[in-house]
Structure formats: structure tokens, C-alpha cells
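Here is the structure we will look at.
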Amino acid sequence: MKLEEILKNRLKTLYKDLRRDERILQSNKGRLTGISDSIELLDLFLEDAVHIENIRNIDTSFITDLLLDYKYISDTSIESDLGIIKLLLKGIYDRGLKTSLNDEQKEMLSSYIDKATQLFNELTEKKSKLLEDYRSVNDERDRIEEEILRIEILLEKLKDEKDESILTMEDLKTIRLISDDKSVEAKTRKEVLIRFVEYNNERKQGVSKLNKTDVNEVIKIFNEYGRNLTRTINKYTSEVETNADINNIREILDYMVSVDILGRFQNAELLTICLYGNKESVESEYEEISKKDNDRLYYNIASAWINNVENRVVKKKRYYAHEKGDKQNITLQYYAHQISREEIDKNIDYLKREGFEFDTDEPGVLKTITTNTYRLKEAVNSLKLYGVITEDNVSKFKVWLLSEPQVVEKLDRFVELGLLGGHEGHAEYANYLKRYPGKLHNTEYPIYLLLYKVKQTYGTDSYYDTIASSKSGQLAGDLNSGRLGAALYTPEDIEFYKKDNFVSPESRIENYLTYEDIINSNYNVEIKKEILKQPEIQNLEENHRVDDNPYVYVFDGLVISRLKVLRNYSLINDGTKASLMASIVKGSFLTEESFQKVAQDIDYTLGGQDGLLRRIQTN
Amino acid sequence: MDYLEEYKLTKDDINEIINNIDEQDRIEYDVHEENITKILDYLVSKNINIKPLLMKKSYLFYTNADKLIEILNGINEKELLEVNNDIDIIDDLI
């Protein structure tokens, strides 16, 4: 067996073990939650039952059910006996009746509490044992994940035609995980070491690394199974040559035929699964997908059928594919690791929980549910925070809009452009985005630039006159046609326009690029409460908030998104004025005059030539 | 995405489209060529201008072609043609 085959076989076993552990963990988690809830109930009951009179106000039915479930009692009539005791206790303690419980009732109550105590102890012990098991399986899962990750990385290296380097000590550590594992067949344990040495010898001797798979043979196999993938295979020749494993493809196709699903996949999905998946992953995912009402959806998403079960591995695979993607046109590899079935399920559950109503067949829904979960949550949270999604409109909100990239940044821009946030006093436009949320998607980047420029240059009234359509309350449809003083079509046009009209914050604010990196690499940032107590933020709150509007700060007519500032500052506040300045201007397109205005207001000395001049003048 | 040239889009048009869509869309347009050509064939047959749709309404092209065509067939042709004047109409039509 070749080294690559040994590693692939190992991967199959590891993924199988990983799924087994996931199942155990899932079931243990459910049991743990159940036991913890029962313990909490018993604990509350026992705490109250210390004083016998409290029993009269306790709903004991849950405790009785637990005692019956765990066979501490068998007589179901106990709850009615307890009812009589509670009535008596109410008479004694609430209405002052001169009576008391008889001995039999006292004995019954004491025995009931005693049994509840015993059950509490039993469950606490059970919980601790379950937790121990959970941790041990969890550790084992972590170990498996780590090994999967190592092998995946090593396999990428072996497959990379251009990587002629020899395997290193780090790679040997991966090999050792197989050669030292006593559960692996002795022959394989020895063979993997021999192949490792051979591989390095071949690299040193300059032997060609890959036996490329003949694409015609791959086309022929699919034909044998009644599928014509010629066009798709020819489009991705280089990926097919490098990644097609004839046995693997046959195994997958045989399995698909056996469960009658081969005809359900589009050509691109089928090829992607056959190149980057294996029979085990398809089988395991089919078990889950076939139970779903909306199973049709998953036949349009190849990555749902591929080993993308673990976040860390997926991220690494995605990263690797992405890094190589642009350079070597290996689109299918990137597509294969776009999102796991579990993440898709999580996204669907999340959206339903948040109140969105949709059918997975609807146009655009597929894009949204295959969006990165963090990005999706950020979009939903921020659209709610900025008042675009409300309880009243959530069920009808277009789900496809949630896949929009950089939603928060766009919302901030709409606020600053006087089209959201309700500040500017132009009722028709002050919350324009709420009426037309689709604009979040189809406002092109150049339009933001043009609007920022016009708004800062001509003032609010002229600005609205310039951008209004002849239809009342709507924006003109031709904003990027010269109407706003320029038409920006090419990346060069855009760059020149930015350079000519706006300040580059990186040239004027110390450490700006570092701040920008931090802000850009964080999702779902929450505004820290303590940030609002900082004197510099209190200063903004006192001097730049208008009418308690939560969305805007206004610097002498210049509108800046307040939520943006607070969010950014929560992330990058390092006690310097530069971090405050960066929090304010990040994502905005500010003219020199506006930029200076903000800097003066927060008493920040700008860097760059003008900043130097200002410092000299001040001194 | 060279296949878009078959729809009378120039290399510049295609570049403009690429510059206006996100990475997820780029992968979608590349990988699901067959589904997308089916949708484009339909739109072209109805005299709909496809470039703005590819650029600004990428979400449409993630839909199964047969399903989308079924939806579009249910729309009055005159109303559908209005998309050429105001692209946002499509959001409400489907």
C-alpha cells in the first residue's frame, strides 16, 4: 500500500470513531441535562421541606413522578394522600385551625422526604459518574480530532504536486500515531514507517511524485453508473487528476445506487463528493439526511455529504482550500469544505427559533443557510439591534438578505448617510432602509462613496434633493451615473475617487491598521457596559448625542454611527485617543474637513503632514 | 465563469459581475454552471437583462432552476419585464 492509502484508511477509521464518540457525547449530554434538572428540583424541594409547614405550598407532583420513575415508591395514590396533608397544613398555618397531622401522616411525610433525599444522593452520584464518562469520551474525541487534523494536513502535502520537500520530524510524529497504535494491524504499523522512508528517498532522488488519474477513466466510471459528467470533469481536469481515487469513487457510487440516491445529485455535487468524500461519510450523512422532511435541500450541497464533522478540521481544510483556491483554480476543494451538514442544521434551527418563516426551497434560502453561522448570527442580531428586523416583520423578512456580507458595516453606513436611525428629520428617508431592506444588498460600494461625498459637501437638504427619485420617498435608481458628480465603474475609478476625496485613516491615525485588523476579525461584538462609563465616551454621550437617539453621534452636522463607535471601542480601547479616533472613523468615508472636525472634537492630534503642521501651529 | 460569454456578456461585463458579488456567489456561479445556464436560458428567452440580476440578485441563482422557472412562469410577463427598469421588483415578484 502507498503511504497515501494507509493514511486514507486511517482517516476512515478515525472519522468512524469520531462519529461514535459524537453520538455518545450527545446521548450523555441529554442524560446529564435530565439528571441535572431532576437534582435541581429535588434540591429545591428538600430545601423547602426542612420546615414542614412549607409543604402546603409545594407542587409535589414532579417529585412524586421522579420517585415513581426511580422506583422509590410504587403506590401512585401517594399524591392524593399528600394533597390531604397539604390541606390540613393550610388549615393549621393559614387559617389557624387547632389540629395537627396524625402519626400516620407524619410518618408518611417523613418517609417521603427521606426517599427524596436518597434519590437526590443517588442522582448526584450518577451525575458525577456520567460527567467523568463524558470528560473521558470528550478527551478521546479531542485526541481523534487532533489526529484527523494532522493526517489531513499530511495528505494535502503528499497530494501537492508542487511540494517536493521531504517529510519532516513533525510529519513523522503523525506517522508515529499509526505505527505506535497497537490496535492497528502489525503489518500496517511496519509498512507505514517503510513508506515514510521511501517517500523521502524518492523526493531526494527527484522521482516524480504523483501518479495522476486519467480523467477519461473517471468519465468512463460515471458513465458506467449512468451519469454523464464529461463537461463537469473537463472543467475541473486538474483537480480530478490529482484527487480522483478510482476505488473510492466506485465505493461511493455503489453505495448511492444501493440506497437509490445517485440520480438525486447534480453533476457538480456528485463529482465533489466523489473527489473529497468517501463511502463512510456519505453513508453516515445519508442516515441523518434521509430522516428529514426537507432532505431535497441536502442533495444540492456537496459539503453536507463530506467529512466536515468537526469545526477545527473544517476550518483548517477550508483555509487550505481557500489559500490555494485562487492560485490553482481548485474551486471544488473549497466548495467541498464550505459548510458541514451539522452547521446547516444549526443555521436552520437558529433562524426558525428567531421567528423567520421560510421554506428551504424558496429562492435565496440555500445561500443563507449555507452561510457561516457566526456571520449569520451577526447579521440577524445587528438587523434587530438597528431596528430593521422587528417582532412584527420577522416572519415575513426576506431570509436571503441575511447572507449579505458585512451587514453591520453597511448598517452603520446607512445610519451615517441619513437613511436609517431616524435622525435627520427627513421623515421619508430617515428610516429608508427599514422600508427597503433590500437596499442593504443592492447598494453597490461606489454608491456609498458618492453619497458620503455629497452629504458632507452639500449639506443635508441639498443631499436629499440630489438623491431623491421623482417617486416620493424613494432613492433615484441612477445614483452611479454621474448624477452625484461622478460615475465609478472600475476598481481604478473607485480607488482614484477615494484617494481624491477622502482621508485614508491609516495615514493619519497611529496604529490604525492594527485596530482595523482587530475589528475586522471579530464577529458579534457586544458593547461592553463599562465602555459607557469611560470619560471619553461620556463626553461623546453628553456632547454628541441628539435627543437620546441611540443610533447617532453628531459632530457639528456630521453623523457618525453611535453603535459602531461603542462596538469598536469595546474591542480596541487601549487608553489612547488614537483608539477612540479609529473607533469613530472606521468604515466611514470622511473628507479632510470632516476628519479634522472629529479629531478636534475629541482632541486627537492627527498624524501625517497636516497633523504635524497642526502640532507646530499649536506649539 | 467563461460560460457567461455565451450570453453576450463581454470579459469586462464578467469582471464587473465578479467585482460586485461575494466569494460564496463566485463559487456558486462557477460550480453550478449547469443550473445557472438553465436559469439564464429562461431569462434570456423572456428578454430579461441578465447582467444586473447576476450582479445584484445573486441569491436567485442558488435556487434549483426548475423550481425558479416554475415560480417565474407564474408571473405575468409584462410585470416580469418591468425588472429591466427596476431590478428590485424581482424581490417582491418571487
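The values are calculated or read from the model by the stated rules, or taken from the named source; none is laboratory data. Only a predicted model underlies this, so the values are computations on that prediction, with no experimental measurement involved. When we count neighbours, we look across all protein chains shown, and the Cβ atoms used for this are built from the backbone with ideal geometry, even at glycine.
Structure above, values below:
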{"read-out": "Residue that is surrounded by the most Cβ atoms within 10 Å (Cβ to Cβ), among those in the stretch B:61-94 that are part of a loop (DSSP other than H, G, I, E, B) and within 12 Å of chain A (Cβ to nearest Cβ)", "value": "B:Thr63"}
{"read-out": "Selected residue (only one of A:Glu526, A:Glu542, A:Glu530 is surrounded by fewer than 13 Cβ atoms within 10 Å (Cβ to Cβ), in contact (Cβ under 8 Å) with a residue 12 or more places away in the chain and away from chain B (no Cβ under 14 Å))", "value": "A:Glu526"}
{"read-out": "Selection from the stretch A:290-301 of residues that are farther than 14 Å from A:Thr360 by Cα and either in a helix (DSSP H, G or I) or among the small types (Gly, Ala, Ser) (or both)", "value": "A:Ser290"}
{"read-out": "Failed criterion for A:Asp517 (all others in (1) within 29 Å of the chain's Cα centre (by Cα); (2) within 14 Å of chain B (Cβ to nearest Cβ) hold)", "value": "(2)"}
{"read-out": "Number of the condition not met by A:Ile6 [criteria: (1) part of a helix (DSSP H, G or I); (2) surrounded by fewer than 17 Cβ atoms within 10 Å (Cβ to Cβ)]", "value": "(2)"}
{"read-out": "Flag for A:Leu172 being part of a helix (DSSP H, G or I), outside the structural domain of A:Leu41 (by TED's automatic domain parsing) and more than 31 Å from the chain's Cα centre (by Cα)", "value": "yes"}
{"read-out": "Residue match in the stretch B:51-60 (condition: touching a helix residue (DSSP H, G or I) at 6+ places or on another chain (Cβ under 7 Å), in a helix (DSSP H, G or I), hydrophobic (A, V, I, L, M, F, W, C) and within 7 Å of chain A (Cβ to nearest Cβ))", "value": "yes"}
{"read-out": "Options A:Lys384, A:Lys396: the member that is within 14 Å of another protein chain (Cβ to nearest Cβ) and without any contact (Cβ under 8 Å) to a residue 40 or more places away in the chain", "value": "A:Lys396"}
{"read-out": "Verdict on B:Tyr7 being away from every other protein chain (no Cβ under 11 Å), hydroxyl-bearing (Ser, Thr, Tyr) and surrounded by fewer than 19 Cβ atoms within 10 Å (Cβ to Cβ)", "value": "yes"}
{"read-out": "Subset tally (residues that are more than 7 Å from chain A (Cβ to nearest Cβ), more than 21 Å from A:Thr368 (Cβ to Cβ), touching a helix residue (DSSP H, G or I) at 6+ places or on another chain (Cβ under 7 Å) and not polar (S, T, N, Q)) for the stretch B:17-42", "value": "5"}
{"read-out": "Residues being in a loop (DSSP other than H, G, I, E, B) and basic (Lys, Arg) - total across the stretch A:407-436", "value": "0"}
{"read-out": "Residue match in the stretch A:191-207 (condition: under 28 Å from A:Lys16 (Cα atoms) and touching a Phe, Trp or Tyr at 6+ places or on another chain (Cβ under 9 Å))", "value": "no"}
{"read-out": "Filter result (within 12 Å of A:Phe358 (Cβ to Cβ), of a type in the set (D, E, K, R) and part of a helix (DSSP H, G or I)) within the stretch A:374-406", "value": "A:Lys396"}
{"read-out": "Conditions (1) surrounded by fewer than 18 Cβ atoms within 10 Å (Cβ to Cβ); (2) within 14 Å of chain B (Cβ to nearest Cβ); (3) more than 22 Å from B:Ile27 (Cα to Cα); number of the one not met by A:Pro437", "value": "(1)"}
{"read-out": "Leading residue by the ranking (surrounded by the fewest Cβ atoms within 10 Å (Cβ to Cβ)) among those in the stretch A:100-127 that are among the charged types (D, E, K, R) and in contact (Cβ under 8 Å) with a residue 12 or more places away in the chain", "value": "A:Glu122"}
{"read-out": "Any hit, the stretch A:333-353, residues being over 30 Å from A:Leu449 (Cβ atoms), more than 14 Å from every other protein chain (Cβ to nearest Cβ), not β-branched (Val, Ile, Thr) and not in a helix (DSSP H, G or I)", "value": "yes"}
{"read-out": "Residue check, A:Asp17 closer than 30 Å to A:Lys173 by Cα and touching a residue at least 40 places away in the same chain (Cβ under 8 Å)", "value": "yes"}
{"read-out": "Residue list for the stretch A:219-278, restricted to those being within 14 Å of chain B (Cβ to nearest Cβ), surrounded by fewer than 18 Cβ atoms within 10 Å (Cβ to Cβ) and of a type in the set (D, E, K, R)", "value": "A:Arg231, A:Arg264"}
{"read-out": "Any hit, the stretch A:187-203, residues being surrounded by 12 or more Cβ atoms within 10 Å (Cβ to Cβ), assigned to a helix (DSSP H, G or I), touching a helix residue (DSSP H, G or I) at 6+ places or on another chain (Cβ under 6 Å) and of a type in the set (Asp, Glu)", "value": "no"}
{"read-out": "Only one of A:Ile144, A:Ile153 that is aliphatic (A, V, I, L, M) and either within 30 Å of A:Gly30 (Cα to Cα) or modelled with pLDDT of 90 or more (or both)", "value": "A:Ile144"}
{"read-out": "Some residue of the stretch A:407-425 being within 14 Å of another protein chain (Cβ to nearest Cβ) and not hydrophobic (A, V, I, L, M, F, W, C)", "value": "yes"}
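Listed here are the residues, each with its yes/no results for (1) modelled with pLDDT of 90 or more; (2) under 18 Å from A:Ile252 (Cα atoms).
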| residue | (1), (2) |
| --- | --- |
| A:Ser290 | yes, yes |
| A:Asn308 | no, yes |
| A:Ala321 | no, no |
| A:Ile330 | no, no |
| A:Gln333 | no, yes |
| A:Gly355 | yes, no |
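To keep it simple, each residue is scored yes or no on (1) over 21 Å from A:Leu123 (Cβ atoms); (2) of a type in the set (Lys, Arg); (3) part of a helix (DSSP H, G or I).
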| residue | (1), (2), (3) |
| --- | --- |
| A:Thr64 | no, no, yes |
| A:Lys71 | no, yes, no |
| A:Lys90 | yes, yes, yes |
| A:Ser100 | yes, no, no |
| A:Lys106 | yes, yes, yes |
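Here's the yes/no breakdown for (1) within 11 Å of another protein chain (Cβ to nearest Cβ); (2) in contact with a strand residue (DSSP E or B) (Cβ under 7 Å, 6 or more places away or on another chain); (3) free of Cβ contacts under 8 Å to residues at least 60 places away in the same chain; (4) closer than 22 Å to A:Tyr551 by Cα:
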site	(1), (2), (3), (4)
A:Val380	no, no, yes, yes
A:Asp392	no, no, yes, yes
A:Pro405	yes, no, yes, yes
A:Tyr463	no, no, yes, yes
A:Ser469	yes, yes, yes, no
A:Ala476	no, yes, yes, no
